[in-house]
Amino acid sequence: MRLGIDLGGTNLAYGIVDQNGNLVARDQRALPNYLFDDVVALMINIYQQYAAQYDITQVGIGVPGIVADGIGDDVSCVNLAF
């Protein structure tokens with residue numbers, strides 16, 4: 001199973017797909033605020049909840065932002081305060 005998380009401007013949408021790409025579960029939550037640590041904690045909590053029900057082998061996270069050089073501290077996300 002695969003967990004996909006989409007970090008939007010006001011919500012975090014997420015779902016589980018099986019090996020054939022079939023949607024098994026989905027939901028969304030309002031973002032608690034725009035602080036990095038709180039959003040990361042929410043994503044970890046979502047993973048833990050689904051991992052208790054499904055054998056998750058991969059996680060993908062979509063975020064808006066700019067990646068300069070693709071590595072290191074040159075990463076920014078316009079929706080989060082660092």
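Just so you know, all these numbers are worked out from the coordinates, no wet-lab data involved. Worth saying up front: this structure is predicted, and the values here are computed from it rather than measured. Every residue, glycine among them, receives a Cβ derived from its backbone with ideal geometry; neighbour counts consider all protein chains shown.
Using modelled backbone amide H atoms (1.01 Å from N, in-plane), which distant-in-sequence or interchain residues come within less than 5 Å of I61's amide H?
So I61 has HN proximity to I5.
Kindly write out, for segment 6-11 in residue order, the coupling ³J(HN,Hα) from the Karplus curve 6.51 cos²θ - 1.76 cosθ + 1.60 (θ = phi - 60°), rounded to whole Hz, with x marking Gly and Pro.
Ordered by residue, 3J(HN,Hα) equals 10, 7, x, x, 10, 10 Hz.
With a 10 Å radius around each residue's Cβ, average the other Cβ atoms per peptide and rank 43-54, 20-31, 3-14, highest first.
Values: 43-54: 13.2, 20-31: 11.0, 3-14: 15.7.
So the peptides 43-54, 20-31, 3-14, ranked by packing, come out 3-14, 43-54, 20-31.
Amide H to amide H, which residues 5 or more places from G8 or on other chains are under 5 Å from it, using H placed in the peptide plane?
A13
Out of residues 5 or more away from V24 or on other chains, whose amide H comes under 5 Å of its own, with H placed 1.01 Å from N in the peptide plane?
When sequence neighbours closer than 5 places are left aside, the close amide H contacts are I16, V17, D18.
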